[in-house]
Amino acid sequence: MSQKADIYFMTNQKFFPAEKLYAVKERLDSMTDDQIQRLMYVQLKEPTTYLLISIFIGQLGIDRFLLGDVGMGILKLLTGGLCGILWIYDMVTIQDKVRNLNFEELMRIM
């Protein structure tokens, strides 16, 4: 693994699911330094930020809208997070959803 790949992997591993870190590392190993340099400009979503959004304004569906899940966002907005049930569910699972979205985005780009 090149030095740039090591740096990218170490600084960004918190953005990806733990079970998929090996796949990320394998992809980075096969990339050139120029490709890795371009990856450094990709904005990844911060899981902790989405957790805070989910906690404070998740009942309005804002977290789902930001993830691109418009249908569930509208449902949460109209029902107050399904009377709090979907809101609690999202608070527990939102960080994993964000990490999976980051992983999918990285695999699409690579």
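The values are calculated or read from the model by the stated rules, or taken from the named source; none is laboratory data. Predicted model only: the values in this text are computed from it and were never measured. Here the Cβ positions follow ideal geometry from the backbone for every residue, glycine too, while neighbour counts run over all protein chains shown.
Can you give me the number of residues within the stretch 57-87 that are loosely packed, with under 14 Cβ neighbours inside 10 Å and farther than 24 Å from Glu19 by Cβ?
Result for the stretch 57-87: 8.
Using beta carbons and a limit of 8 Å, which pairs, at least six apart or on different chains, have the first residue in the stretch 23-43 and more than 13 Å from Gln3 (Cα to Cα) and the second one among the charged types (D, E, K, R) and modelled with pLDDT of 90 or more?
Hits for this filter: Val42/Glu105.
Taking the condition within 12 Å of the chain's Cα centre (by Cα) and modelled with pLDDT of 95 or more, does Val70 pass?
no
Quick check on the stretch 49-67. Is at least one of its residues in contact (Cβ under 8 Å) with a residue 40 or more places away in the chain, over 11 Å from Asp90 (Cβ atoms) and of a type outside the set (D, E, K, R)?
Taking every residue of the stretch 49-67 in turn, none turns out to be in contact (Cβ under 8 Å) with a residue 40 or more places away in the chain, over 11 Å from Asp90 (Cβ atoms) and of a type outside the set (D, E, K, R).
Given (1) in contact with a Ser or Thr (Cβ under 8 Å, 6 or more places away or on another chain); (2) closer than 26 Å to Met107 by Cβ; (3) not aromatic (Phe, Trp, Tyr), where does Met91 come up short, assuming only one miss?
Here Met91 clears every test but (2).
Can you find a residue that is outside any helix (DSSP H, G or I) and of a type in the set (Ser, Thr, Tyr) anywhere in the stretch 5-24?
Among the residues of the stretch 5-24, not one is outside any helix (DSSP H, G or I) and of a type in the set (Ser, Thr, Tyr), which makes the answer no.
Tally up the residues in the stretch 31-64 that are among the aromatic types (Phe, Trp, Tyr) and either in a helix (DSSP H, G or I) or at pLDDT 95 or above (or both), please.
Total meeting the criteria: 2.
Could you please find all residues in the stretch 1-16 being modelled with pLDDT of 90 or more, surrounded by 17 or more Cβ atoms within 10 Å (Cβ to Cβ) and not hydrophobic (A, V, I, L, M, F, W, C)?
Scanning the stretch 1-16 gives Tyr8, Asn12.
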